[in-house]
1. Order of 73-84, 31-42 by packing, highest average Cβ count within 10 Å first?
2. For the stretch 152-257, which whole percent of the accessible surface, found with a 1.4 angstrom probe, sits on carbon and sulfur atoms?
3. Based on alpha-carbon positions alone, could you give the equivalent ellipsoid semi-axes of the stretch 74-138 from the gyration tensor, as √(5λ), descending, whole Å?
4. Report the chymotrypsin sites (Phe, Trp or Tyr not before Pro) located in the stretch 124-217 that are in a DSSP loop and have at most 11 other Cβ atoms inside 10 Å of their Cβ, or state none.
5. Compare the peptides 88-97, 292-301, 177-186 by average per-residue count of other Cβ atoms within 10 angstrom and give them in order, highest first.
6. Calculate how large, on average over all directions, the projected area of the Cα convex hull of the stretch 133-292 is; give the answer in nm² to one decimal.
7. Rg and Dmax of the stretch 136-218, Cα atoms, in Å?
Amino acid sequence: MTSRGVTLAALLAALGRPSWWLLALAGFLVRGGVLLFVLAIVSLPSPLVISNLVAPMLVPAVLGRVDVGTLLPIILGVALVAIWLIGGAWIAAATEVVLIRDAHEAMIDEGLAVRPPPPAGRLLTARVATAHLIAHVPTALTLAIGAVRIVNVAYLELTSPFEVTTPLVLRVIAGAAAPIGAIVVVWLFGEIVGGLAARRIVLDGASLLGGLRRGVGDLIRRPAGTLLPALTTTLVLAVDLAALLGVIAFVWSQVRERLAASSVDAPGVTVALLAFGGTWIGALALTGLIDAWRSAAMTFEFERAVVAGAVRTGSDPDPGGTIGASAGRRPGDWSTGDGGGSL
């Protein structure tokens, strides 16, 4: 089976397993996805409000008069971000470990060529979480370097903009397109490497550094097969989020207009709130489905490549059948490359 074939098979597997949607959605939200859904219903502050909030902290620092009152909000903010990164990474890793194991079981159920179930490892969640954090060290460095250009562009747009008709966010994105593009590319690289390392750790029992090293090796040796499922599903997820968050923002604007009207139309407000709630729940469910598909597609492709490599080198593990029978669990299973169907 090809990479395109296992990507489609992963979609079909995810469609029939709603429990995966909840796990994938939980991992997506704690790793920062919740901010996207919040931004869809929260109005960004104006440049004047931003300057009024930031100036009390920046002016004393520039003048060299840093006191406890100035440092405390900064220290508290850094501590909260660190707790969120570590805690979110651990929760997301816990959901990812379950999804990887479930996807491996789904491959067995579907009769696909697969190795025996992996043994239970120690500290899987901690190792997977740490692997993802290490894989995103280049992302953090790129973000730190690119932030200088982004802040400069934002400062110029706030103090001396050439035009004010375009929203501030779009003007900053246009002026700092290069560093923002670099951050996105490096982030994608970190996501893929972290995902490959997680599968090496969960399915192969690799150590933390061994999983990262072999994950990078997989990306170098098989760039096309490794990138196709990850980039395809990530692109679908990005388009889905852009469309769904746009719909949520539109519906929420209708709710606010009806609530702010001088004479409240109770039936209209009720309908608008129900539409908003249904849109919100539907957006979360679809996002969970696509993210579950993304996780399963990476697992399916990883296992397909490992089994195919073992077949080529003559070290194919015993699939567990007898007289060439299929390793699939269900009667009549058939898969490409299998010697026959189970009876």
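1. On the way: 73-84: 10.7, 31-42: 15.0.
So the peptides 73-84, 31-42, ranked by packing, come out 31-42, 73-84.
2. Details: 4020 of 5300 Å².
Its accessible area is 76 percent carbon and sulfur atoms.
3. Numbers: eigenvalues 212, 21, 20 Å².
Value: 33, 10, 10 Å, ordered largest first.
4. Working: sites: 155, 162, 187, 189; in loops: 162.
Here the sparse-neighbourhood loop sites are 162.
5. Working: 88-97: 21.5, 292-301: 28.1, 177-186: 14.9.
Highest mean packing first, the order is 292-301, 88-97, 177-186.
6. On the way: hull surface 52.9 nm².
If you wrap the Cα atoms of the stretch 133-292 in a convex hull and average its projections, you get 13.2 nm².
7. My reading of the Cα-based Rg and Dmax gives 18.2, 56 Å.
The values are calculated or read from the model by the stated rules, or taken from the named source; none is laboratory data. On a predicted model such as this, the values are computed, not experimentally measured, just so you know. Glycine also receives a Cβ, built like all others from the backbone with ideal geometry; neighbour counts cover every protein chain displayed. The protein model used for the area step is the full one, side chains on, heavy atoms only, and it has no ligands, DNA or RNA in it. Shrake-Rupley method; radii C 1.70, N 1.55, O 1.52, S 1.80 Å.
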